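Undergrad: Please find one structure pasted underneath; my questions will follow.
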Amino acid sequence: FQKTEAPRPPGTKDLHAYPWDKSSLKSMPVDLQQLEKLDAYALKVNVTNSVEELVKALLKQARTDLEKVRAIWMWICHHIEYDVVGYHNKSQLSSKPRDVLQMGKSICEGYAELFEHMCSLAGIQCKKLSGHAKGHGYKTGQTFTGNSDHAWNAVYLEGRWHLLDSTWGSGSVDDSFTKFTYRYNEFYFLTHPALFINNHFPDNSNWQLLKPTLTLKEFENNMLHNSNFYTLGLLAARPETPIIQTVNGKASVSVDCRSGTLFMFKLKGTDEHGLMTLKRHGMELDIYPQKTGSHKLEIFAKPSKAEAADDVYKCVLEYVVECESVDKAMRFPKELHQPVGPSWFSERQGFLRPSHGEPVLHTNDGRCSLTFTLSKDISVLTSLHTDGSGSLNEDMGRRHVLQIHRRNQIELKVHLPHAGNFVLKIYSKKKSDPGNYDYIFNYLIRCLNTEVKWSAFPQSYSKWLQDYEILEPLSGLLPANRNVQFKLKMHSVAKVLVQAENTYPLTQNKGCWEGTCNTSGCREVFVMVHENANHSFYSHVLKYEVETQ
């Protein structure tokens with residue numbers, strides 16, 4: 001073993017700019033694929049009789065200083081567990097490297113001392129650092145007083161100091177602090193100092209390795225981004241402080257990321273009181289708490305191309321929302337699904353060029369119309385939902401939305417039955433698929449005009465083809481004792497009849513079938529077609545109701 005000289009203090013060339021420049025998660029280039037062989041070797045080394053023998057065995061496959069540090073790091077992260085019992089009873093605890101190795105467990109102090117000792121045996125300058133950490137038991141927005149509560153290391157590689165935390169690299173402790181689980185975390189190996197400061201504040205500020213250095217107050221007030229935040233490719237979050245005051249009952253959060261990330265949120269454990277929209281490079285969220293007081297807001301993310309089975313939503317941010325007044329008008333229907341509005345996700349499912357890019361549609365007369373270009377050969381299903389006394393059953397929820405297809409364009413006409421907040425849900429499936437429809441996305445539709453009262457569209461049957469179109473009457477409820485004008489766009493039919501008390505034929509004119517029908521003496525009116533002039537039977541295609549006197 002070489003004798004290492006005393007660790008030199010950090011100088012100008014060790015410093016990194018703050019805030020983070022988004023270049024890399026590490027403070028020096030590390031090719032993880034090239035290290036795979038060495039990692040696998042280090043994990044298999046099984047020497048516990050002495051620290052010297054262990055280091056000798058680990059260094060057999062390591063040539064460069066980086067490889068030596070890596071082998072030591074990998075071994076410690078996978079062989080030393082966090083001592084939850086010792087943490088609660090520190091008098092029984094030794095953090096001497098020999099004892100830590102023998103016991104196979106320790107607290108942060110022991111991890112850091114073992115790391116330092118093994119590096120010095122390997123001829124690498126290493127220093128144990130102590131300070132405050134936003135680790136287990138940290139409460140959003142808390143202050144740090146008194147003695148330091150965590151220990152980690154700095155190592156000297158390629159002419160610069162670098163930071164690492166083998167305690168946090170090895171795994172995590174459960175909420176009750178009674179059980180440790182090995183869960184290797186690459187993030188804490190040679191972490192970029194501008195990211196390390198996020199949850200590690202050294203007693204000696206020179207060891208932040210930052211320019212400018214942060215004060216303890218800044219460290220306390222800064223948003224905690226955990227390692228998931230960075231390993232999922234997220235870049236920034238606003239606001240940058242963890243406590244948000246609502247303004248007129250509303251709080252807003254946004255996240256920037258590299259493309260294609262899915263998000264969800266929980267406010268006090270539910271996602272009811274918000275509007276989240278997915279953006280190409282991130283997400284935006286408006287929160288409307290329906291109670292005053294402090295609320296915990298958690299933001300979760302996962303990659304959209306979920307390769308591995310363990311790609312579940314992981315918590316990436318935690319805020320506290322302080323709400324002074326409630327905006328009751330922003331109570332959303334239970335059926336509202338996050339995210340709201342169209343996005344790259346609905347585009348990927350075949351809904352291109354939405355006429356309305358926003359999540360909320362406001363209508364004054366209770367009517368609105370949305371169009372999309374469909375990029376795939378898909379069938380579309382829609383439904384309208386609302387809460388409270390005016391709620392719609394499934395059939396009526398479908399019949400308040402009318403689909404009109406023109407080549408690869410689809411128009412959705414919506415007629416609201418009354419004022420209020422409604423959810424328009426959009427489902428689709430491949431036309432060739434026999435199976436069920438998949439939910440794709442939804443909109444919130446708001447109407448404040450209490451005069452609004454539209455009846456449902458007429459009921460259609462299977463012989464009503466997708467590219468047929470009703471020009472009039474659009475209302476599924478016809479006035480009694482009245483002559484009603486019919487105008488329907490239909491192709492490939494030989495004859496069209498409207499059956500009320502009497503039967504009225506429609507005549508073809510420029511691709512439309514037109515005519516009048518009288519509604520007196522009947523409760524229902526049917527539109528029927530002869531698909532072939534030689535056939536004697538008719539098929540029902542539409543059904544209208546007639547108002548009762």
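The values are calculated or read from the model by the stated rules, or taken from the named source; none is laboratory data. Note that the coordinates shown come from a computational prediction; the quantities given were computed from them, not determined experimentally. Note: ideal-geometry Cβ built from the backbone for every residue, glycine included; neighbour counts use all protein chains shown. Keep in mind that these areas ignore ligands, DNA and RNA; they rest on the heavy atoms of the full protein, side chains included. Shrake-Rupley method; radii C 1.70, N 1.55, O 1.52, S 1.80 Å.
Undergrad: Quick check on region 442-451. Is at least one of its residues more than 20 Å from Val360 (Cα to Cα) and not aliphatic (A, V, I, L, M)?
TA: Yes, region 442-451 has at least one match.
Undergrad: Please verify whether region 318-337 includes one or more residues that are touching a helix residue (DSSP H, G or I) at 6+ places or on another chain (Cβ under 9 Å), under 30 Å from Glu220 (Cα atoms), assigned to a strand (DSSP E or B) and not assigned by the TED database to the domain that holds Ser432.
TA: no
Undergrad: Within region 462-504, how many residues turn out to be in a strand (DSSP E or B), touching a Lys or Arg at 6+ places or on another chain (Cβ under 8 Å) and not hydrophobic (A, V, I, L, M, F, W, C)?
TA: Residues flagged as in a strand (DSSP E or B), touching a Lys or Arg at 6+ places or on another chain (Cβ under 8 Å) and not hydrophobic (A, V, I, L, M, F, W, C) within region 462-504 amount to 2.
Undergrad: Might you check whether a residue that is in contact with a Cys (Cβ under 9 Å, 6 or more places away or on another chain), in a loop (DSSP other than H, G, I, E, B) and open to solvent by less than 70 Å² (accessible area, probe 1.4 Å) occurs anywhere in region 436-446?
TA: For region 436-446, residues in contact with a Cys (Cβ under 9 Å, 6 or more places away or on another chain), in a loop (DSSP other than H, G, I, E, B) and open to solvent by less than 70 Å² (accessible area, probe 1.4 Å): absent.
Undergrad: Pairs please, first residue from region 467-489 and on the phi > 0 side of the Ramachandran plot and of a type outside the set (Ser, Thr, Tyr), second anywhere and open to solvent by less than 70 Å² (accessible area, probe 1.4 Å) and not in a strand (DSSP E or B), Cβ atoms under 6 Å, 6+ apart in sequence or on different chains.
TA: Short answer, once both residue conditions are applied: Asn481/Ser520.
Undergrad: Oh, and also: Is it the case that some residue within region 394-412 is in contact with a Cys (Cβ under 7 Å, 6 or more places away or on another chain) and either hydrophobic (A, V, I, L, M, F, W, C) or outside the structural domain of Ser492 (by the TED database) (or both)?
TA: Within region 394-412, not a single residue is in contact with a Cys (Cβ under 7 Å, 6 or more places away or on another chain) and either hydrophobic (A, V, I, L, M, F, W, C) or outside the structural domain of Ser492 (by the TED database) (or both).
Undergrad: Look at region 264-300 and say how many of its residues are in contact with a Ser or Thr (Cβ under 9 Å, 6 or more places away or on another chain), at negative phi and either in a strand (DSSP E or B) or open to solvent by 70 Å² or more (accessible area, probe 1.4 Å) (or both).
TA: Summing the residues that are in contact with a Ser or Thr (Cβ under 9 Å, 6 or more places away or on another chain), at negative phi and either in a strand (DSSP E or B) or open to solvent by 70 Å² or more (accessible area, probe 1.4 Å) (or both) in region 264-300 gives 12.
Undergrad: In addition: Identify, please: which residue in region 94-113 is touching a strand residue (DSSP E or B) at 6+ places or on another chain (Cβ under 7 Å) and hydrophobic (A, V, I, L, M, F, W, C) and is, among those, surrounded by the fewest Cβ atoms within 10 Å (Cβ to Cβ)?
TA: Taking the candidates together, the pick is Ile107.
Undergrad: Sticking with this one: Is it the case that some residue within region 401-415 is exposed (fewer than 13 other Cβ atoms within 10 Å of the Cβ), assigned to a strand (DSSP E or B) and among the basic types (Lys, Arg)?
TA: yes
Undergrad: Among all residue pairs at least 6 apart or on different chains, which show Cβ distances below 8 Å where the first residue, located in region 137-159, is touching a residue at least 12 places away in the same chain (Cβ under 8 Å) and of a type in the set (S, T, N, Q) and the second is open to solvent by 60 Å² or more (accessible area, probe 1.4 Å) and in a loop (DSSP other than H, G, I, E, B)?
TA: Once the first residue is touching a residue at least 12 places away in the same chain (Cβ under 8 Å) and of a type in the set (S, T, N, Q) and sits in region 137-159, its partners that are open to solvent by 60 Å² or more (accessible area, probe 1.4 Å) and in a loop (DSSP other than H, G, I, E, B) give Ser148/Asp203.
Undergrad: Please enumerate the residues belonging to region 341-356 that are within 17 Å of Tyr439 (Cβ to Cβ) and part of a loop (DSSP other than H, G, I, E, B).
TA: Gly341, Pro342, Ser343, Gln349, Gly350, Pro354
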